[in-house]
Amino acid sequence: MPEMLDAFEGDAFEFTTLTASVNNEPFVPGQVGALGIFEEEGVTTTDLAIEERAGALELVGESARGGPGETIEKDVEKVRKLPIPHFQREEGIAAEEVQGRRAFGTADARETLEGRIVQRSMRHFRDFDATLEYQRIGALKGVILNKAGGVRTNLFTEFGVTQESTVYLDLSNATPASGFLRDACDTVIETIEDNLTGTPYSHVHCLAGRTAYKKVFKHKEVVDSYKNTVEAAFLRQGLPRTFTFGDITFERYRTGGTVNFIGDDDLHFFPMGASGLFITRFAPADYNDTVNTVGLPRYLRVFATNNNKGYKLEVQTNPISLCLKPKVLIKGSAGADPG
């Protein structure tokens, strides 16, 4: 039987008899990853070459039989290279840290160095997951920010295109024009289709901030569209996670922590099901044995300290996430047009 100790004396992770334990982990945003629109692959380089061919569909003119056919200009090809960012965390874990300590969530099992390494690694990997989600959110907006809030990559600038104008839905207007919201949705869809330049897709999706999402769902046009239908239960049950209006699927984006991934009044529209439109590529780690190998999503290395009194833990990830046709990214706002 384990020794009974006063849980209120000494460190909270000393050996004690517990009745329960709660691993209170923070929420990690991951809805963009769950959509599955980013095609993931590893690459063997630390930068990504993007080939662009400026071809467009056009009608073919008639020509006389037996005579020459029409000629057209060759497609213009461009190659852009974008550096792949490197994210690394490291820390030391001393053997003394686990001496005499119980494993979390147990009554009398001793903690091990291996268990501590796994526990610390998982914490860093959760932060990596949040970082990748934040990067992908940026790719859906067209502007990828770094941790400090500065612009790391502006996709509109990189691809030499102009961002489409923000769509202001004026959702607080008590007397909106009839059909205004539906017309706005039609405009978003048509703009995205024009900028896809022939690429097939399944539907338009919208990730919305919490305030914008509520306002769209409670808008008179949306409410009226669900009345007297089999989906009218939405109106009785409160806010759903997703709903469809105007051929656009709206989804409330849940943000966690101190970083607001999507502004409360913002909406971001983009096409779903367009093959090759959104990509994530992983570069290899900077170790001797990983140079020029296909990159993996995560790397973990553990090194014994010189004095054999602990370990150095090192984790890293090297992702880049892009939208290859950023003009299809449409930003919306719940507010009125300031102009």
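The values are calculated or read from the model by the stated rules, or taken from the named source; none is laboratory data. Source: prediction; values computed, not measured. Ideal geometry is used to build each Cβ from the backbone, glycine not excepted, and the neighbour counts take in all protein chains shown. Please note that ligands, DNA and RNA were not included when accessible areas were found on the heavy atoms of the full protein model with its side chains. Shrake-Rupley method; radii C 1.70, N 1.55, O 1.52, S 1.80 Å.
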Which FRET efficiency value, to the nearest 0.05, do you get for residue 34 and residue 148 by plugging their Cβ-Cβ distance into 1/(1 + (r/R0)^6) with R0 = 30 Å? 0.65
If I stretch the segment between residue 312 and residue 172 completely, what's the gain in nm (0.36 nm per residue apart, minus their alpha carbon distance), one decimal? 44.9 nm
Subtracting the Cα-Cα distance from 0.36 nm times the residue separation, let me have the gained length for residue 264 to residue 81 in nm, one decimal. 62.5 nm
In this structure, among 218/325; 78/147; 81/147, pairs with alpha-carbon gaps over 28 Å are 218/325; 78/147
Simple SL model, points at 7 angstrom along Cα→Cβ for residue 186 and residue 223; separation in nm is 2.4
Rounded to the nearest whole Å², what accessible area per residue is found for the range 169-325 with the 1.4 Å probe? 50
Quick check: pseudo-label points 7 Å beyond the Cα along Cα→Cβ at residue 196 and residue 44, how many nm apart are they? 3.5
